[in-house]
Structure formats: structure tokens, C-alpha cells
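Structure first, then comments.
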Amino acid sequence: EAQVTQNPRYLITVTGKKLTVTCSQNMNHEYMSWYRQDPGLGLRQIYYSMNVEVTDKGDVPEGYKVSRKEKRNFPLILESPSPNQTSLYFCASRVGRGPMNTEAFFGQGTRLTVV
Amino acid sequence: AQSVTQLGSHVSVSEGALVLLRCNYSSSVPPYLFWYVQYPNQGLQLLLKYTTGATLVKGINGFEAEFKKSETSFHLTKPSAHMSDAAEYFCAVSMDTGRRALTFGSGTRLQVQP
């Protein structure tokens, strides 16, 4: 089954404690991205990757890091989480590079709370 | 720059009634337009998309949307609402430039009353 898998689904952490949210897709997609969803703001892109070892900033990259060492995995790293990073996070992957292909596959989401 | 405006953060309809969710976009180049649905505690699911060609696009679950360039709109409709349509709906736009990211609207929560 084609899917994007995120872990964990829920996470409560304390300010400053490094964490990683994993994302894996089994469709051999080149393009992957991370979004955060906040009430009234929709989804905003944090980082994206067009291929292995190719990553770039999205609209709200501050406080986040990513890596793309393998095609299937695209972890999101919060080196020093702060309460304003409390949000719902989605990983997504795209069939092709073109914008018309869009992110058709989203993970189930990770609800992060930073206290 | 591209942007999306969804009019109405909450829409309530009766079961069997017409569903109309509004979306207006701003784009400096011809856009690609999408509607997504998000059910509670789930990720987003692509409902339909407009890329080129026919301006009336049909999607899953009986939804359709019409691209109107003159009005910069891409409203989502369904002739008869079902209880199972209750969810949050997001309109999004993408352009064939730069990082090709999706820009989402703020979402519309659809309630369906029995």
C-alpha cells in the first residue's frame, strides 16, 4: 500500500530538548516536504527536498532542520524546541517534480506540544 | 507571489443540500489549483485538481470545482451533502516557478446537519 508514515503521532516535550520526527514513503517519490498546520493559518511549508541531498527552505524554516540521505526518508529535526513550535506537523510526498503533480500523499500527522 | 483566500471558516448545511465552499486565489502566472479534505485526526487527501484544459474538474466523493480565470476563483461544490462529508477543506495553489510549493488557504470546516 502506497503511504507516507510519520512517527511519532503524538509527542510532548520540554523546551530545548532536541527531537526528531521521522517520515518515510514507499513510493520512490523524489519530492518530499514538511508542513505545519496551525488554526486559522492552514498549512505552511517548513522545508522541502527535490531529491537525495537536495533540501531547501520553505515559508517557515526557522528553528527546524531536515536531511535527505535516502530517497525514502525525510526526518524533521528540532534542535532546541520552543513553545511556538507547538503544532500539527505533516510530511508529504509528490509523484513528480512539477507543480501540477502536487503533494497527493500526506502522512497522518504528528501533534507536537512543547512545554 | 501566490495566495489563497477561503471565504468562511465554518459552513453548515443540511443533509441533502448543496455544498458550496469558496476559494479565490492570487497568482502572477497561470496557477495550478487543488482542493484537499482533512477528516478528524487524519492527513490531507487530494479531492481534485485543476492543471490545464477543462475548467470544470470532477473529483472524488461527488465533488467538483470550476476554475474561473476572470473571477480568480475555484469554488468547490457538491449537489447533495452527506453526513460523511463533514470535514475540513483546504484550497491550495501552486505555480510552475521556484520551489513549486503549495500555498494553502486557511481552511473551511464543513458541518452537515441531519
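The values are calculated or read from the model by the stated rules, or taken from the named source; none is laboratory data. Note that the structure is predicted; figures quoted are calculated from it, not measured. Please note: Cβ atoms are built from the backbone with ideal geometry, for glycine as well, and neighbour counts cover all protein chains shown.
So which residues in region A:53-62 are outside any strand (DSSP E or B) and either surrounded by 14 or more Cβ atoms within 10 Å (Cβ to Cβ) or within 11 Å of another protein chain (Cβ to nearest Cβ) (or both)?
Result: A:GLY58, A:ASP59, A:VAL60, A:PRO61.
Select from region A:11-42 the residues that are modelled with pLDDT under 90 and either facing another protein chain (nearest Cβ under 9 Å) or touching a Cys at 6+ places or on another chain (Cβ under 7 Å) (or both) and list them in ascending order.
Within region A:11-42, A:TYR31, A:PRO39, A:GLY40, A:LEU41, A:GLY42 meet the criteria.
Determine whether B:GLN38 is at the interface with another protein chain (Cβ under 9 Å from one of its Cβ atoms), under 21 Å from B:GLU15 (Cβ atoms) and touching a residue at least 40 places away in the same chain (Cβ under 8 Å).
Against the criterion (at the interface with another protein chain (Cβ under 9 Å from one of its Cβ atoms), under 21 Å from B:GLU15 (Cβ atoms) and touching a residue at least 40 places away in the same chain (Cβ under 8 Å)), B:GLN38 qualifies.
Would you point out which residue out of B:ALA92, B:ALA1, B:ALA101 is more than 9 Å from chain A (Cβ to nearest Cβ), outside any helix (DSSP H, G or I) and closer than 26 Å to A:SER93 by Cα?
None of the others qualify; the one that does is B:ALA1.
Quick one: in region B:69-103, of everything that is surrounded by fewer than 12 Cβ atoms within 10 Å (Cβ to Cβ) and without any contact (Cβ under 8 Å) to a residue 40 or more places away in the chain, which residue is nearest to the chain's Cα centre (by Cα)?
Result: B:LYS69.
Can you find a residue in region B:7-16 that is within 14 Å of another protein chain (Cβ to nearest Cβ) and over 13 Å from the mean Cα position of the chain (by Cα)?
yes
Here are the criteria: (1) over 20 Å from A:GLN108 (Cα atoms); (2) touching a strand residue (DSSP E or B) at 6+ places or on another chain (Cβ under 8 Å); (3) surrounded by fewer than 17 Cβ atoms within 10 Å (Cβ to Cβ). Tell me which single one A:THR22 does not satisfy.
It fails just one condition, (1).
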